[in-house]
Amino acid sequence: MNAPRELQLGELRFADFTRPMDEAKRVELIAGLARVLPQAALLTTDEALRPYECDGLSGYRQMPAVVVLPTEESQVVEVLRTAHRLDVPVVARGSGTGLSGGATPHRGGIVLSLARLKSIIAVDPASRTARVQPGVRNAAISEAAAPFNLYYAPDPSSQIACSIGGNVAENSGGVHCLKYGLTVNNILRIRGVTIEGDIVEYGSAGLDAPGLDLLSLVIGSEGMLTVVTEVTVKLIPKPQLARVIMASFDDVEKSGHAVANLIAAGIIPAGLEMMDQRMTQAVEEFVHAGYDLQAKAILLCESDGTPEEVEEEIARMKESLFASGATDLRVSETEEQRLRFWSGRKAAFSAAGRVAADYYCMDGTIPRAKLGEMLNRIAEMEGKYGLACLNVFHAGDGNLHPLILFDAANPGEFHRAELFGAEILETCVEYGGTVTGEHGVGLEKINSMCVQFSPQERITFFAVKRGFDPAGLLNPGKAIPTLSRCAEYGKMHVHRGALKFPDLPRF
């Protein structure tokens with residue numbers, strides 16, 4: 001009985017997404033916010049709002065009604081109470097490095113920037129935890145823990161800039177997530193604020209918490225359930241030694257099988273990444289990492305632990321990689337060389353920006369055994385859409401990051417890139433994978449959710465959303481497609497990615 005009402009709520013918020021706020025209501029909103037925030041924390045002019053019109057997925061952009069920059073939790077509480085009272089949507093934002101449009105503003109709403117909540121509240125070496133505010137940079141946590149020989153394991157490529165609050169919203173991973181887990185595996189407790197302005201806590205300082213596991217539900221919910229104000233993260237000891245193998249392959253399918261064979265042999269590398277030839281060539285020009293430019297694909301395979309553990313595991317890795325068809329193996333001899341090998345992988349997105357005017361980064365997952373086959377499918381799509389694609393994968397967990405190259409100045413190229421990306425994601429589902437691994441759904445993949453999930457599953461998603469946010473005000477129009485939207489999407493042929501956001505300004 002409740003399902004149709006939930007779906008109507010979703011439809012209403014989606015329809016409102018590009019509708020500007022009535023000027024009289026905007027005046028009332030600004031006045032209400034001015035009562036709870038200092039003047040410097042309230043942005044209202046076009047010039048001040050412009051930097052918040054998009055996140056890292058800059059293809060979709062629009063201006064919010066206002067931006068607020070609180071400096072303490074009590075201000076977040078009052079902002080949300082004001083928004084709830086006036087029925088105004090709120091989009092929480094961290095550093096803006098997200099790649100799915102999750103922080104794209106609602107044109108008739110508030111952008112709630114948490115960038116100024118950037119205190120490292122405490123580092124506790126005895127319990128191996130740190131309490132931090134959401135605006136703290138990912139890398140800054142490890143920097144603060146370094147004097148205790150500890151660090152925070154999840155390491156997205158954007159870790160020098162991305163915030164822990166954004167990592168929580170998207171359940172971010174990184175090159176070492178195969179062994180050490182995603183954000184969800186490295187968080188003990190979250191403190192946040194509901195749309196009604198109530199302070200809530202999920203998880204605990206212990207290994208488990210009583211009741212339902214709402215902590216895991218909130219992590220990866222893209223700001224749709226709670227606005228995060230504090231995070232307690234796990235810290236782990238720095239390994240005594242780490243070494244990385246650069247393995248070369250003369251065929252992309254062999255490199256994919258090598259990944260599956262490593263895991264099947266019971267080896268869990270600290271990091272396991274794949275790059276195709278065009279990606280390594282682009283990266284090598286940028287950072288001079290020492291990559292094999294003749295290889296059709298390379299794997300970066302890291303071992304860490306005690307010197308004895310690393311020596312034994314490196315030997316097992318080499319045996320497995322050679323048996324899987326590797327044509328050459330190079331093992332880092334120094335820490336400087338290890339970091340140089342990884343610097344190329346970390347700079348992959350930047351390198352793509354040097355070889356093309358624009359790029360469109362996808363983020364799907366597939367079973368590891370399908371990696372090589374997927375690379376061949378993407379090569380076929382390049383011819384179909386007339387666009388090149390550089391490939392870099394978190395190979396160990398089958399998380400793909402194809403970078404589709406295009407030039408937005410050429411009419412129709414961004415649209416072709418969207419279609420290309422949509423087909424990649426549909427192929428991921430076809431292979432038994434998912435439409436996102438760590439970048440989130442946001443605006444970008446909302447159509448692809450129609451392929452991944454059944455109508456009943458989507459109704460359940462709306463029910464969960466309604467349980468936390470009955471008014472549908474937190475990051476509306478994102479992540480969950482409505483039934484009618486999926487019905488329209490399903491009427492289209494293979495190029496279903498054509499159904500995007502025609503009223504949202506793009507490039």
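The values are calculated or read from the model by the stated rules, or taken from the named source; none is laboratory data. Predicted model, so just to flag it, every value in this text is computed and none were measured. Note: ideal-geometry Cβ built from the backbone for every residue, glycine included; neighbour counts use all protein chains shown.
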Check off (1) at pLDDT 95 or above; (2) under 27 Å from MET362 (Cα atoms); (3) not aromatic (Phe, Trp, Tyr) for LEU57 and give me the number that stays unchecked.
(1)
Please specify each residue of segment 248-270 satisfying the condition of being small (Gly, Ala, Ser) and within 16 Å of LEU371 (Cα to Cα).
SER248, SER255, GLY256, ALA258, ALA260, ALA264
So, in segment 427-457, of the ones that are assigned to a helix (DSSP H, G or I) and modelled with pLDDT of 95 or more, which residue ends up surrounded by the fewest Cβ atoms within 10 Å (Cβ to Cβ)?
GLU430
Residues of segment 372-426 satisfying the condition of being farther than 21 Å from VAL451 by Cβ and among the small types (Gly, Ala, Ser):
GLY372, ALA379, GLY383, GLY386, ALA388, ALA395, GLY396, ALA408, ALA409, GLY412
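Per-residue answers, yes or no, for (1) within 30 Å of ALA356 (Cβ to Cβ); (2) of a type in the set (Gly, Ala, Ser); (3) more than 26 Å from the chain's Cα centre (by Cα):
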site: VAL259; (1), (2), (3): yes, no, no
site: ALA264; (1), (2), (3): no, yes, yes
site: LEU272; (1), (2), (3): yes, no, no
site: GLN277; (1), (2), (3): yes, no, no
site: VAL283; (1), (2), (3): yes, no, no
site: ALA289; (1), (2), (3): yes, yes, no
site: ASP292; (1), (2), (3): yes, no, yes
site: ALA295; (1), (2), (3): yes, yes, yes
site: GLU302; (1), (2), (3): yes, no, no
Name every residue in segment 472-492 that is buried (at least 16 other Cβ atoms within 10 Å of the Cβ), in contact (Cβ under 8 Å) with a residue 60 or more places away in the chain and not charged (D, E, K, R), in order of residue number.
GLY472, LEU473, LEU474, ASN475, PRO476, GLY477, ALA479, ILE480, THR482, LEU483
Filter segment 148-169 down to the residues that are closer than 17 Å to VAL228 by Cα and not in a helix (DSSP H, G or I) and list them by number.
CYS162, SER163
Answer yes or no: is there a residue in segment 288-300 that is over 14 Å from PRO239 (Cβ atoms), free of Cβ contacts under 8 Å to residues at least 60 places away in the same chain, part of a helix (DSSP H, G or I) and of a type in the set (A, V, I, L, M, F, W, C).
no
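Yes/no per residue for (1) touching a strand residue (DSSP E or B) at 6+ places or on another chain (Cβ under 9 Å); (2) of a type outside the set (S, T, N, Q); (3) at pLDDT 95 or above:
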| position | (1), (2), (3) |
| --- | --- |
| VAL88 | yes, yes, yes |
| GLY96 | yes, yes, yes |
| ARG116 | no, yes, yes |
| ALA130 | yes, yes, yes |
| GLY135 | yes, yes, yes |
| TYR151 | yes, yes, yes |
| CYS162 | yes, yes, yes |
| GLY165 | yes, yes, yes |
| SER172 | no, no, yes |
Please go through (1) within 30 Å of GLU309 (Cα to Cα); (2) modelled with pLDDT of 95 or more for GLU253 and return the number of the only condition it doesn't satisfy.
(2)
So how many residues does segment 396-426 have that are part of a helix (DSSP H, G or I) and either modelled with pLDDT of 95 or more or more than 25 Å from ALA270 (Cα to Cα) (or both)?
14
Tell me the residue from LYS118, LYS179 that is over 21 Å from LEU80 (Cα atoms) and basic (Lys, Arg), please.
LYS179
Residues of segment 351-391 being hydroxyl-bearing (Ser, Thr, Tyr) and either surrounded by fewer than 18 Cβ atoms within 10 Å (Cβ to Cβ) or under 16 Å from PHE414 (Cα atoms) (or both), in sequence order, are TYR359, TYR360, TYR385
Of all residues being touching a strand residue (DSSP E or B) at 6+ places or on another chain (Cβ under 8 Å) and surrounded by fewer than 16 Cβ atoms within 10 Å (Cβ to Cβ) in segment 308-326, which is farthest from ILE268 (Cα to Cα)? Just the residue, please.
PHE322
